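The next block holds one structure in the form of structure tokens; read it before the comments.
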């Protein structure tokens with residue numbers, strides 16, 4: 001009986017003792033997770049706001065065709081003079097551009113041009129890998145459509161905002177124009193050095209002939225120039241231009 005009474009008293013004493021407080025690790029972890037969730041929401045909100053502001057910078061896609069030079073002819077049809085606008089450019093129809101030149105540009109600039117929708121994730125990942133392994137900017141991930149968007153509408157600034165705008169405009173261009181139309185616009189747009197813009201002005205500048213009359217080798221050499229017009233120009237660096245030309249050979253669509 002005394003043993004049972006003693007046990008009961010001991011139990012009541014244990015119940016009266018205050019419980020030990022937790023270590024606080026659990027509460028601290030929950031607070032940290034809440035803070036991180038708030039930060040994540042803020043970052044996503046700012047990012048979405050930035051992206052929205054960027055994409056709302058709409059461009060008139062009708063302005064994709066740049067200003068061209070004007071030609072003055074004799075009565076017999078012989079060209080007397082060419083009056084340049086802001087740039088030395090003479091646009092030509094897509095069917096006037098040799099297939100060899102079109103193929104060469106696709107080979108050196110955007111091998112998956114006819115497969116992607118304006119932005120090529122595979123090309124971007126490949127460029128990132130090459131640049132990481134070579135520890136420098138050895139390759140870009142821009143498609144021909146992105147380059148057209150950049151040259152037609154944007155600045156040459158290397159910023160994240162400009163890159164997002166470039167991608168967005170490229171997707172718009174792909175919805176508005178066919179692949180051949182985009183390639184034609186691009187070939188009439190790009191800079192070849194020596195003050196020449198577009199393939200017709202470039203053919204005249206480097207080879208003294210119309211673009212439709214270029215040979216296979218001339219097409220391949222011309223396609224290699226825009227990556228670095230000063231370095232790959234056959235007038236400035238013939239050896240580099242010939243080495244670059246080899247990249248354009250062997251492409252079959």
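The values are calculated or read from the model by the stated rules, or taken from the named source; none is laboratory data. What you see is a predicted model; the values in this text were computed from it and never measured. Quick reminder, even Gly has a Cβ in these numbers, built from the backbone with ideal geometry, and neighbours come from all protein chains shown.
Let me confirm something: among 202, 223, which residue is in contact (Cβ under 8 Å) with a residue 40 or more places away in the chain, assigned to a helix (DSSP H, G or I) and over 18 Å from residue 120 (Cα atoms)?
223
What are the residues in the range 94-112 that are outside any helix (DSSP H, G or I) and modelled with pLDDT of 95 or more, if any? Lay out the reasoning, then the answer.
Here is the first cut: in the range 94-112, the residues outside any helix (DSSP H, G or I) are 97-98, 110-112.
Within the range 94-112, 97, 98 qualify.
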Filtering the range 208-230 for residues that are exposed (fewer than 13 other Cβ atoms within 10 Å of the Cβ) and under 18 Å from residue 183 (Cβ atoms) leaves a count of 0
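If I filter the range 134-145 for residues that are outside any loop (DSSP other than H, G, I, E, B), surrounded by 18 or more Cβ atoms within 10 Å (Cβ to Cβ) and modelled with pLDDT of 90 or more, do I get at least one hit? It would help to see each step written out before you state the result.
Kept after step one, since they are outside any loop (DSSP other than H, G, I, E, B), are these residues of the range 134-145: 134, 144-145.
This time we only want the ones that are surrounded by 18 or more Cβ atoms within 10 Å (Cβ to Cβ), so: 144-145.
In the following step, the residues that additionally are modelled with pLDDT of 90 or more were identified as 144-145.
Looking for residues that are outside any loop (DSSP other than H, G, I, E, B), surrounded by 18 or more Cβ atoms within 10 Å (Cβ to Cβ) and modelled with pLDDT of 90 or more, one finds at least one in the range 134-145, hence yes.
Confirm whether residue 171 is part of a helix (DSSP H, G or I), under 14 Å from residue 92 (Cα atoms) and within 20 Å of the chain's Cα centre (by Cα).
Working: part of a helix (DSSP H, G or I): yes; under 14 Å from residue 92 (Cα atoms): no; within 20 Å of the chain's Cα centre (by Cα): yes.
Against the criterion (part of a helix (DSSP H, G or I), under 14 Å from residue 92 (Cα atoms) and within 20 Å of the chain's Cα centre (by Cα)), residue 171 does not qualify.
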Filter the range 227-243 down to the residues that are within 24 Å of residue 111 (Cα to Cα) and touching a residue at least 40 places away in the same chain (Cβ under 8 Å) and list them by number.
227, 233
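Can you spot a residue in the range 178-197 that is on the phi > 0 side of the Ramachandran plot and either in a helix (DSSP H, G or I) or without any contact (Cβ under 8 Å) to a residue 40 or more places away in the chain (or both)? If you could, list the steps in order and put the result at the bottom.
Going residue by residue through the range 178-197, those that are on the phi > 0 side of the Ramachandran plot are 193-195.
Filter once more, keeping what is either in a helix (DSSP H, G or I) or without any contact (Cβ under 8 Å) to a residue 40 or more places away in the chain (or both): none.
Checked against the condition, which is being on the phi > 0 side of the Ramachandran plot and either in a helix (DSSP H, G or I) or without any contact (Cβ under 8 Å) to a residue 40 or more places away in the chain (or both), the range 178-197 yields no hits at all.
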